[in-house]
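Below: the structure, in structure tokens.
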Amino acid sequence: MNSYKIEAGTAQHIGNRPQQNDRVALFTGARAPGYVMAVLASGLNGSAMAAEQVLHTAKLLFDEFKPGDRATPARVEQLLREIVHETHQVIKLNGVATRTEPHASFAGLVITPAGEAVWAHVGDARLYRFHKGDCQMRSSDAPYIAQLMESHKLPLESARNHRHSKLLVNVLGNSRKDPFVAVGQHAPLEAGATFLLASEGLWHFFTDAELGAALHKTTPRQGAEMLISKAGERAQGKGGNCSMAIIKLVKPPREAANYTVQKMGRAV
């Protein structure tokens, strides 16, 4: 297995909105040593409540997660699906109680100590995987569009316009439809890999190549500051909430040579 260390961070900017409705966090597993989770959620309909619930449920279930000697990627994938399902149910109940329609998008990533990455996403949050600056994977609406065409027998154009239909929009909290969860995984992980979870207020303003270049030779903090600044410029006063989580796998520092000097006896 390739050796690496993890450098990670989160960043947010309110953009040109009256309040911050995104939420983002990094967690370590209370009962899963060596596991790291990144979660990003965007609250929709002008409320942060749904995004707050995503983080609350994610932390609760991740703290309860017991991988045992070796959790398979399928088990980690199931954990992410459980987070989506339970959050979805709670958000719907809160909507009934408050007579509102809170919704949230979701992007979640788990890095395992066995050198595996497992992720899931719902809605307009995005997850990227880069290797030395090159984009190897970018989540999209394509799996959901394919599912709409197959299960609802919708023509391509109707499926592509799902965000304009309350019946079809893919979010947590939709009282008309359960969320469709797109999942993926990659192994083995190695130094040079970078993962980015981003809200629409960030990814909307950049190409995949620009994001990879900005994150390749910078620390997570430096990369986040650069991207937030540039997103603000490109938004021209019309930017939304801008949030991200960055996880970089870098080569561990070389251990300094440790020489022991011993007194030599002179032969007589």
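Taken together, the values in this text are just the output of simple stated rules run on the coordinates, not laboratory data. This is a predicted model, so every value here is computed, not measured. Cβ placement follows ideal geometry from the backbone for every residue including glycine, while neighbour counts extend to all protein chains displayed.
What net charge is computed for the residues neighbouring G29, neighbours being all others with C-beta under 13 Å from the C-beta of G29, Lys and Arg scored +1, Asp and Glu -1? All intermediate terms of the calculation are to be shown ahead of the outcome.
Details: positive: R31, K59, K66, R75; negative: D63, E64.
Cβ neighbours under 13 Å give a net charge of +2.
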Self-check item: Separation of the V250 and A74 label points, Cα + 7 Å toward Cβ, nm
Solution: 3.7 nm
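Please work out the FRET efficiency for the pair T28 and K217, using the Cβ-Cβ distance as r and a Förster radius of 30 Å; give the result to the nearest 0.05.
Working: r = 27 Å, r/R0 = 0.89.
After rounding, the FRET efficiency stands at 0.65.
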Practice problem: Evaluate the distance, in nm, between pseudo-label points positioned 7 Å from the Cα of Q19 and of T207 along their respective Cα→Cβ axes. | Solution: 3.8 nm
Exercise. For the range 1-71, run through the trypsin sites (Lys or Arg not before Pro) and keep only the ones in DSSP coil with at most 15 other Cβ atoms within 10 Å of their Cβ.
Key: R31, R70
Quiz item: Hey, rough spin-label estimate for A114 and A97, points 7 angstrom out along Cα→Cβ, what's it come to in nanometres?
Solution: 3.8 nm
Quiz item: Please state the equivalent ellipsoid semi-axes for the range 5-250: what are the square roots of 5 times the Cα gyration tensor eigenvalues, largest first, in whole Å?
Solution: 26, 23, 18
